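Asker: My questions will all concern the structure given below.
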Amino acid sequence: MGPFPLFVRLNSLNVFFTSYYWLSCLFFGVGLVLLVLFIFFEVLRFNKMVNWLFAVLILEFIVLGIAPLVVRHYKYQFLFSFLIWTLVLALFIVCGSFLPLDLTLDVVVLFVLAVVSIIGAIYFVMLYIVANVAYSFLIARGFIVISILMFVMYHAQIINGGRFAEMRTKDYFLAAIILFLDFLLLYLFSFQMGPKWSDLCDRERSKNLVLFRDSTTSNPPKWWYTRTSSTEG
């Protein structure tokens, strides 16, 4: 997560990732493909010459994929969201580690609750998109966050060990990537609360749920708008 503050502070990076957002989509897609390969092929995780390379590439490609969202964030809101979700992740890792219930043994319960959460989330997202029901997106986000936090506790137990299912000690890179992705899943919801300056059709939407504003960025800078054929014309 170290490069994220640079995306917010440096105008040159802001311009680049705003104009070439498709490049970040490519990075993100490649990062997910590398993640799948890293999970399913043990030789990539246990070869000391390869596991470092794959772990770094996965993390950096995913971080670069998130860059177009980060550059549209207010810096104070970015820092506040980062702090809040870090504390939430740490809290549920501790809770999962000391929870007497073995979630690795009752993993079916987690998947059932996850499916129910997905159904509820999709329903309220559709209400938000189709019927414009107020605050329905926040309810959908609540369903998904609850599901993610349950799996955070599950991941904490398999990483710490001493349960029915546990991760091998040699899988430390995979453990780090799993916790990073858990944090990222939580943190991605922060971007919905950011400014919508790229929406040229409805400027009022740029004020949607923005908690922290910079006095120097009350109006969108010129580079903020995503460059499309309609805006360039």
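What follows is calculated from the coordinates using simple rules that are stated; it is not laboratory data. Keep in mind it's a predicted model, so treat the numbers as computed, not measured. For neighbour counting, all protein chains shown are included, and Cβ atoms are generated from backbone atoms with ideal geometry for every residue, glycine included.
Asker: Taking θ as phi - 60°, what are the ³J(HN,Hα) couplings along segment 142-149 by the Karplus curve (6.51, -1.76, 1.60), each to the nearest whole Hz, with x for Gly and Pro?
Answerer: Calculated HN-Hα couplings, in order: x, 4, 5, 4, 4, 4, 5, 5 Hz.
Asker: Follow-up question, since we're still on this one. Sequence-distant or interchain residues sharing an amide H contact under 5 Å with LEU99, placed H: which?
Answerer: For LEU99, no residues qualify.
Asker: Among 93-100, 129-136, 152-159, how do they line up by average Cβ neighbours within 10 Å per residue, starting with the highest?
Answerer: 152-159, 93-100, 129-136
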